[in-house]
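The values are calculated or read from the model by the stated rules, or taken from the named source; none is laboratory data. In this text, all values refer to a predicted model and were calculated from it rather than measured experimentally. We place every Cβ from the backbone using ideal geometry, glycine too, and count neighbours over all the protein chains shown.
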Amino acid sequence: MMKINIKQKLIAIVTALRGISSRVYYRFSCFQGYCPTSDEIENSKIKSLASRLKADSYRETLTNILEWQERNIVFWTERHPIVTVLSYASRISLLTFGIGLVVFFFIIILNIELLWLLPWFIVIWFVMLVSSIATTLAIMVWIIHGNRKIPVMEGLINALRPSIPINALLEKKLGVCRDYAKLTACLLSNIYPNGEIYFAHAPNHTATGIIIESKLYMLDQRLPILTIDRWNDYRKPRKSDKIERFDFIKKTLQKADKKTFLQTKNRSELNTENLAKRMTELLNIKEQTDDKAISLEILWKNGAILYEENEMVDYSLARWLETKISSELIRINQITKIEISRHKDDLTFQIRFRQNK
């Protein structure tokens, strides 16, 4: 009986420690920018947006989230490299300082009288470090202010932050992958409070996914929705890149085994004719022969890698195609036929349509 009690106590202690560890890890991830805090999930603007995007089905709701992001959030190109540039600049500076110091001491060993140069060496190195960082920041500020018309200090502070406040993200509508991931997690947490939400990582990239009928679907900034298998093929994560389950109710973030989400079976060959038929059906296009029809080509870059025959993917892809067609001021009822061709990893949609009379 004593042994059983001790074992139960040890299990309870281990469980408690794991809970503390996952909560600490969650806090650290919030600081990194891709994981939302409770306040961000409960934000009134997020709740309002989530209620607008929620639909009757999973496929429509998830597609709404991605389409809204694609239409409204602009990728903040200038912000993306800032932290990386400063990080590498500091590493290079420390490396050169270390090498210079070794060389300098080697010279001193040969001639001790040169010791008086050491303070000057440190001063010169420090001035070069500060000036290079200042120059980098000045260039970035000029680019951000000039391109985005954001006040200088506000633009610089948000550009250097690992995590942009959710209100600033919704107001400025600018972000990088971790900002998209946080916004997506906020929306999914409000729409599906009991949903299984995950973050998947790849080199210099993060995206958010959700389990629907035992399958992990990725919402990665723009349409269409991707299965984890095709996302994995495209992003090529390293073995060290992780998948994490996000539980905003318990405020935890736990690492998950990637292998449990990936399919081991061989991928079926892409049939472009069948895909064209599915797009025709989903867009409710009535095929007809028209010798006077005009052609429009729409390119899906890396589409052959990203596509997988799947109801969720097909629906969101049809919505993506519809937005591309409408942006060309072509109505769906003008379309007479859709054909799809493949060139290496890309897919091209050939849209045949009638001219307005």
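Taken over segment 273-305, the criterion of being touching a residue at least 60 places away in the same chain (Cβ under 8 Å), among the hydrophobic types (A, V, I, L, M, F, W, C) and part of a loop (DSSP other than H, G, I, E, B) is satisfied by ALA293 alone. For segment 285-321, the set of residues classified as in contact with a helix residue (DSSP H, G or I) (Cβ under 7 Å, 6 or more places away or on another chain), under 26 Å from THR227 (Cα atoms) and surrounded by fewer than 17 Cβ atoms within 10 Å (Cβ to Cβ) consists of ASN302, GLU311, listed by residue number. Taking the criterion of being of a type in the set (A, V, I, L, M, F, W, C) and either exposed (fewer than 14 other Cβ atoms within 10 Å of the Cβ) or part of a loop (DSSP other than H, G, I, E, B) (or both), the only residue of segment 41-65 that qualifies is ALA55.
Just the residues that are closer than 21 Å to SER163 by Cβ, of a type in the set (Val, Ile, Thr) and modelled with pLDDT of 70 or more, please, taken from segment 58-93. If the condition is that a residue be closer than 21 Å to SER163 by Cβ, of a type in the set (Val, Ile, Thr) and modelled with pLDDT of 70 or more, then ILE65, ILE73, VAL74, THR77 are the ones that fit. Taken over segment 160-197, the residue count meeting the criterion of being of a type outside the set (A, V, I, L, M, F, W, C), crowded, with 21+ Cβ neighbours inside 10 Å and in contact with a Leu (Cβ under 9 Å, 6 or more places away or on another chain) is 5.
For every residue, the table says whether it meets (1) within 21 Å of ARG71 (Cβ to Cβ); (2) part of a strand (DSSP E or B); (3) in contact (Cβ under 8 Å) with a residue 12 or more places away in the chain.
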{"position": "GLU308", "(1), (2), (3)": "no, no, yes"}
{"position": "THR323", "(1), (2), (3)": "yes, no, yes"}
{"position": "ILE330", "(1), (2), (3)": "yes, no, yes"}
{"position": "THR336", "(1), (2), (3)": "no, yes, yes"}
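For segment 183-195, the condition holds for no residue, the condition being that it is without any contact (Cβ under 8 Å) to a residue 40 or more places away in the chain, touching a Gly at 6+ places or on another chain (Cβ under 6 Å), assigned by TED's automatic domain parsing to the domain that holds THR63 and within 26 Å of GLU311 (Cβ to Cβ).
Residues in segment 154-206 that are in a helix (DSSP H, G or I), closer than 14 Å to LEU62 by Cβ and either at pLDDT below 85 or small (Gly, Ala, Ser) (or both): ALA185, SER189. Is there any pair with a first residue in segment 248-272 that is within 22 Å of GLU40 (Cβ to Cβ) and a second that is loosely packed, with under 10 Cβ neighbours inside 10 Å whose Cβ atoms are under 9 Å apart and which are 6 or more apart or on different chains, and what are they? Every condition considered, the pairs that remain are ILE249/ASN194.
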